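The values are calculated or read from the model by the stated rules, or taken from the named source; none is laboratory data. All values reported here derive from a predicted model rather than from experimental measurement. As a convention, Cβ positions derive from the backbone with ideal geometry for all residues, glycine included, and neighbour counts pool all protein chains shown. We work out accessible area using only protein heavy atoms, side chains counted, and drop any ligands, DNA or RNA first. Shrake-Rupley method; radii C 1.70, N 1.55, O 1.52, S 1.80 Å.
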Amino acid sequence: MNAPFRAIRPPGEAASPVPPGATAFFHPEPPRRRARILPVFLPFLGCPGRCVYCAQPAATGTAPASLAEHLHALEATLDQARRSGAQPLELGFYGGTFTALPEPWPQRFLAAAARHRASGLVTRVRCSTRPDAVDPGLLARLGGPGPQGLDMIELGVQTFHGPALEASGRGYGPGEAHAACRAVRRAGLALGVQLLPGLPGHDPAHLEADVRAALEHEPEAVRLYPCVVLRGTPLAGALARGDYAPWPLEATVDALADALLALWARGVPAIRTGLAPEAGLGAHILAGPWHPALGQLARSLALFRHIHARAQALDRPPRTLVAPRRWRSDITGHQGALRPRYAALGLTLAFEDRPDFLLF
Ligand code: SF4
């Protein structure tokens, strides 16, 4: 993927003096919303079946419970947060298929959130759901930014590649995935797209196409969850039979770095890269490209590629990269792994308290 350079100064960043002969540029990652999200996990609730890769209790660290128990727990959490003067937060309903919960449970959860909007504790509400669970009539009932409704829907598209959707038994095709993205936008809601590279029948070229397809719908954000094999899932059975091979870690990081560059070039942040390292998750992972610092591995490689391209675009090879001190770990990479690659470009690294990067 060739991503054009972005030369946008992040909001609030002051310009710093640029020494003669130096080229200055900002980190290519777009700014993210800084809201604190309170996740409310509803494992498997509303799901029409079990997807081949999915083990929500292991992935979210949340035990199954009834809808009434989850609602009661949410109300208690919000009441406690209000009493203790907690900072404003955004609610996110994850782990199931929120828009397919039996009526009137979606409205009950949204009403609980709405009761705390007036005090300013809850600023926004989002949920994750499947592309085949967002018909326009439903969105009209649940959506519409406002005190009662959802503000954002994160669609678990996983891929727009038809054969991979079919091989994974997702139950919808690329046409429905695109239609669902359009329906969310037409309902006036912010769109998030969740992609799951490495499903059966899915290779890195398909991820590149998935990112382009997601960008067609101008999402607010994207999540990238490379497919890992969790204990007890149908995918674990396929692995044992030799019918499925997960992506290797190195190839995954390589593909994710390109995906990040393509997203950043269009101003779309990746708000999650890889499963969150919930306590005990490691014991459930049988195989696949999981690493506790997967996001940093991919971000660091993406930044390296961006800087490499910047260096190549100059008239003469630069000798020094001055980077903002706050990006130090992204420059050097996990455990310093990228230092030799900058050295191979002939670049000496220096770090300063400045907002932009310099090459000279
Ligand atoms: S992937 Fe989504 S729809 Fe499928 S079982 Fe898991 S939570 Fe439910």
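Other residues with beta-carbon under 11 Å from the beta-carbon of R130 carry, at +1 per Lys or Arg and -1 per Asp or Glu, a net charge of -2. Amide H contacts for V122 (H built 1.01 Å from N in the peptide plane; partners 5 or more residues away or on another chain; cut-off under 5 Å): L89, R117. Taking the DSSP beta bridges with both ends in the chain, the antiparallel portion is around 20 percent. Only DSSP H runs of four or more residues enter the estimate; each adds -39500 (n - 2.57), and after division by the residues of the chain the mean residue ellipticity at 222 nm equals -10500 deg cm²/dmol. Rounded to the nearest whole Å², what accessible area per residue is found for the range 200-292 with the 1.4 Å probe? Here the residues of the range 200-292 average 41 Å² of exposed surface.
Return the carbon/sulfur percentage of the accessible area of the chain, one whole number, probe 1.4 Å, all protein chains in place. Its accessible area is 54 percent carbon and sulfur atoms. Comparing mean-square fluctuations of G267, G295, G21 from a GNM of the chain with C-alpha springs under 10 Å, the top value falls on G21.
Restricting the range 15-102 to chymotrypsin sites (Phe, Trp or Tyr not before Pro) that sit in a DSSP loop and have at most 11 other Cβ atoms within 10 Å of their own Cβ leaves nothing. Taken along its principal axes, the alpha carbon cloud of the chain reaches lengths of 64, 54, 37 Å, longest axis first.
Summing charges over all other residues whose Cβ lies under 13 Å from the Cβ of G237, with Lys and Arg as +1 and Asp and Glu as -1, gives +2.
For the range 37-225, what class follows from the C-alpha gyration tensor (a ≥ b ≥ c being the square roots of its eigenvalues): rounded when a/c is under 1.5, otherwise prolate if a/b is larger than b/c, else oblate?
Numbers: a/c = 1.96, a/b = 1.60, b/c = 1.22.
Because a/c hits 1.5 or more and a/b exceeds b/c, the range 37-225 counts as prolate.
In order along the range 177-194, the phi-based Karplus estimate (6.51 cos²θ - 1.76 cosθ + 1.60, θ = phi - 60°) of 3J(HN,Hα) comes to 5, 5, 4, 5, 4, 5, 4, 5, 5, 5, 6, x, 9, 6, 10, x, 10, 9 Hz; Gly and Pro are listed as x. Close amide-amide hydrogen proximity is noted between G143 and L150, each under 5 Å apart and 5 or more residues distant or on a separate chain (H modeled in the peptide plane; Pro and chain starts excluded). For the chain, modelled as a GNM whose springs connect Cα atoms under 10 angstrom apart, the maximal fluctuation among H284, H27, H202 occurs at H284. By the Cβ distance rule of under 4.7 Å, the chain has these cysteines without a partner: C47, C127, C181, C227. All other residues whose Cβ lies under 14 angstrom from that of D203 are scored, Lys and Arg at +1 and Asp and Glu at -1, for a net of -4. Summary value for the range 37-225: 18 percent relative contact order, contacts being C-alpha pairs under 8 angstrom separated by 6+ residues. The angle separating the long axis of helix 294-312 from the principal Cα axis of greatest extent in the chain is about 40 degrees.
3J(HN,Hα) along the range 238-247, derived from phi through the Karplus expression 6.51 cos²θ - 1.76 cosθ + 1.60 where θ = phi - 60°, amounts to 5, 4, 5, 7, x, 8, 9, 10, x, 5 Hz, with x in place of Gly and Pro.
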